[in-house]
Amino acid sequence: MVRGIGLGLVVSMLGLLSAPDAAAGGIPVIAAPWLDDIALASVTSAGPVIYVNVSRCKEVGSNVCSFVRQHELAHVKLNHGSAFYTSYVNGRALAEAEADCYAAKNSLLVEVRAAVAFFEQPWIANTDIGDHGTGLVRAKRIKACRGLS
Ligand SMILES: [Zn+2]
């Protein structure tokens, strides 16, 4: 998701999880134990950031977490907070599909395979996650974008 939250204070309270680096596209990655998700991109008054729930990352494993971080980075890089994506009726679903495809192309192969396996798990495979689609839809899309069979 891309969402504006009300920000500078949150950023300064949490501290950086890692320095801005190439893997995160130069975007600060911030530990966010309050986040009800693995990761979330947000545009703050200080610029874009990626929040990461470290506990959730440990649950899903570092490879899946890295894939999700790439997905969130895609939301920032592809300008998914712009009016095109937020006002076009299918814009949110398009943004999620583009973010999955970007992550599929820009993550390590081991991370892509881990993400596919994650989304193919029975508990998530047929669960409709709103604009993201079901786990199976995401797994199929990720494989197609990476050229995996
Ligand atoms: Zn997303």
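Here, each number is a calculation from the coordinates, and none is a lab measurement. The structure displayed is predicted, hence computed values, not measured ones. Heads up, the Cβs are rebuilt from the backbone with ideal geometry, glycines too, and the neighbour counts pull from every protein chain shown.
General remarks:
- Pair list, Cβ under 7 Å, 6 or more apart: region 50-76 residue closer than 12 Å to Pro28 by Cβ, other residue among the charged types (D, E, K, R) and within 14 Å of the ligand (Cβ to nearest atom): Ile50/Arg69; Ile50/Glu72; Val52/Arg69
- Test: residue in region 139-146 that is in contact (Cβ under 8 Å) with a residue 24 or more places away in the chain and either within 11 Å of the ligand (Cβ to nearest atom) or under 14 Å from the mean Cα position of the chain (by Cα) (or both): yes
- In region 86-99, the residues that are closer than 18 Å to Leu73 by Cβ and among the charged types (D, E, K, R) reach residues that are near the ligand (Cβ under 9 Å from one of its atoms) and not in a loop (DSSP other than H, G, I, E, B) with C-beta atoms within less than 9 angstrom, at least six apart or across chains, in these pairs: Arg92/Asp131; Glu96/His71; Glu96/His75; Glu96/Asp131; Glu96/His132; Glu98/Ala74; Glu98/His75.
- Evaluation of Cys65 against the conditions (1) within 25 Å of Val43 (Cα to Cα); (2) touching a Ser or Thr at 6+ places or on another chain (Cβ under 9 Å) shows that the sole unmet condition is (2).
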